[in-house]
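**Student:** I'd like to ask some things about the structure below.
The values are calculated or read from the model by the stated rules, or taken from the named source; none is laboratory data. What you see is a predicted model, and the numbers here were worked out from it, not measured in a lab. Because the Cβ atoms are built from the backbone with ideal geometry, glycine has one as well, and the counts that use them run over all protein chains shown. Just the protein is used for accessible areas: all its heavy atoms, side chains included, with ligands, DNA and RNA removed. Shrake-Rupley method; radii C 1.70, N 1.55, O 1.52, S 1.80 Å.
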Amino acid sequence: MNFSERLAVMAQYLLPKQALTALMGKLAHSEGGALTTAVIRWFVRRYAVAMSEAAQSDPAAYPSFNAFFTRPLKDGVRPISAAAFVCPVDGAISQFGAVEAGRIFQAKGHDYTATALVGGDAELAERFRDGSFATIYLSPRDYHRIHMPCDGRLMRMIHVPGDLFSVN
């Protein structure tokens, strides 16, 4: 890790995370008209976002950055493969492997317990003993919606406490 990367990481330990998260949430949901459109156009250019895949390809059609970031795609752009295993999102698998002794290797040399990743529920974590995991990295240019290739119903949500850091 070079000096500028270390400095960026260190800043994340020093800055007020909750306040920054709240500020970024407000900015992402704000509808700033021409300013919002300018930011979206910059982002599309900077990260080579494939707007031709979007249901609405004109950046000016999105009232907020969040609306752009979670934009729907044109029908048929992501057909479900006939493969035995499919990915529910755009992105790249950055890590995969076995859950070993209840531990999961993740990113940048860190590993976590399955219990920690399911919010401290040891009984739920036990279901993943001797299982497998995959970490999918969504880059800024990727489409940020998650899809299920089957019918389903959300049964439970779990809050996982801890500090949030930029993926950088």
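**Student:** Just one of Val167, Val118, Val160 is among the aliphatic types (A, V, I, L, M), under 30 Å from Leu14 (Cα atoms), open to solvent by less than 90 Å² (accessible area, probe 1.4 Å) and at pLDDT below 85; which is it?
**Tutor:** Val160
**Student:** Still on this structure, I have one more. Anything in the range 44-69 that is surrounded by 14 or more Cβ atoms within 10 Å (Cβ to Cβ) and in a loop (DSSP other than H, G, I, E, B)? List them, or say none. Can you show your working first?
**Tutor:** So in the range 44-69, the residues surrounded by 14 or more Cβ atoms within 10 Å (Cβ to Cβ) come out as 44, 49-51, 53-54, 56, 59, 61-69.
Within the range 44-69, Val49, Ala50, Gln56, Tyr62, Pro63, Ser64 meet the criteria.
**Student:** Okay, moving on. Could you give every pair whose Cβ atoms fall below 7 Å, whose first residue belongs to the range 112-140 and is assigned to a strand (DSSP E or B), and whose second residue is open to solvent by 40 Å² or more (accessible area, probe 1.4 Å) and hydroxyl-bearing (Ser, Thr, Tyr), counting only separations of at least 6 or pairs across chains?
**Tutor:** Qualifying pairs under 7 Å: Thr135/Ser94; Tyr137/Ser94.
**Student:** Kindly list, by first and then second residue, each pair from a residue in the range 30-52 that is in contact (Cβ under 8 Å) with a residue 60 or more places away in the chain to a residue that is part of a helix (DSSP H, G or I) and not β-branched (Val, Ile, Thr), limited to pairs with Cβ atoms under 7 Å and residues at least 6 apart or on different chains.
**Tutor:** Close Cβ pairs (under 7 Å, with a partner that is part of a helix (DSSP H, G or I) and not β-branched (Val, Ile, Thr)) amount to Val49/Phe43.
**Student:** Is it the case, given these coordinates, that Ala84 is open to solvent by 50 Å² or more (accessible area, probe 1.4 Å), more than 21 Å from the chain's Cα centre (by Cα), at pLDDT 95 or above and of a type in the set (A, V, I, L, M, F, W, C)? Give the steps one after another, and end with the answer.
**Tutor:** Numbers: open to solvent by 50 Å² or more (accessible area, probe 1.4 Å): yes; more than 21 Å from the chain's Cα centre (by Cα): yes; at pLDDT 95 or above: no; of a type in the set (A, V, I, L, M, F, W, C): yes.
Spelling it out, it is not the case that Ala84 is open to solvent by 50 Å² or more (accessible area, probe 1.4 Å), more than 21 Å from the chain's Cα centre (by Cα), at pLDDT 95 or above and of a type in the set (A, V, I, L, M, F, W, C).
**Student:** Here's another thing I want to ask about it. Taking the range 11-29 only, how many residues are over 13 Å from Asn66 (Cα atoms) and touching a residue at least 12 places away in the same chain (Cβ under 8 Å)?
**Tutor:** The total comes to 3.
**Student:** Among the candidates Ala11, Ala22, which residue alone is within 18 Å of the chain's Cα centre (by Cα) and assigned to a helix (DSSP H, G or I)?
**Tutor:** One residue alone meets the criteria, Ala22.
**Student:** Does Ile104 satisfy the criteria of being open to solvent by less than 40 Å² (accessible area, probe 1.4 Å) and over 25 Å from Tyr47 (Cβ atoms)?
**Tutor:** Yes.
**Student:** Give me a count of the residues in the range 33-43 that are small (Gly, Ala, Ser) and either open to solvent by 60 Å² or more (accessible area, probe 1.4 Å) or in a loop (DSSP other than H, G, I, E, B) (or both). Give the steps one after another, and end with the answer.
**Tutor:** Step one: list which residues in the range 33-43 are small (Gly, Ala, Ser), which gives 33-34, 38.
Imposing the further condition that a residue be either open to solvent by 60 Å² or more (accessible area, probe 1.4 Å) or in a loop (DSSP other than H, G, I, E, B) (or both) reduces the set to 33-34.
Of the residues in that region, 2 qualify.
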